[in-house]
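Here is the structure we will look at.
A short reminder: the numbers here are calculations on the coordinates, not readings from a lab. This structure is a prediction, so every number in the text was calculated from the model and none was measured. Please note: Cβ atoms are built from the backbone with ideal geometry, for glycine as well, and neighbour counts cover all protein chains shown.
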Amino acid sequence: MESLIVFLLVGLVAGWLAGQVVKGYGFGLIGNILVGVGGAFLGGFLLPKIGLAIGGIIGSIVTAFIGALILLAIIRFIKKV
């Protein structure tokens, strides 16, 4: 249960940060959590593939943030098409 709460908090922080960087594509609190959690999965999958593995809670937030940025870029591209 604790790990789920930590995962959601990391997703919230990463989603909020990504929403601040990619202006105009914030999705509100729940949407940002979903983007952050999706970004955590995406970043956790992609970063080790390219040789980047960051540990600890800060590393988890950075990984989720990078994944959330990628996810927001994909969403922006899909919305434009």
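Summary of values
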{"item": "Helix-derived mean residue ellipticity, 222 nm - over the chain, DSSP H n ≥ 4, -39500 (n - 2.57), to 500", "result": "-29000 deg cm²/dmol"}
{"item": "For the chain, built as a Gaussian network whose Cα springs stay under 10 Å, the top-fluctuating residue of ALA64, ALA53, ALA14", "result": "ALA53"}
{"item": "At 0.890 mPa s and 25 °C, Stokes diffusion of the chain via Kirkwood alpha-carbon radius, µm² per second", "result": "200 µm²/s"}
{"item": "Among GLY67, GLY19, GLY31: highest mean-square fluctuation, GNM of the chain, C-alpha pairs under 10 Å", "result": "GLY31"}
{"item": "At most 13 other Cβ within 10 Å, DSSP loop - chymotrypsin sites (Phe, Trp or Tyr not before Pro), segment 10-81", "result": "none"}
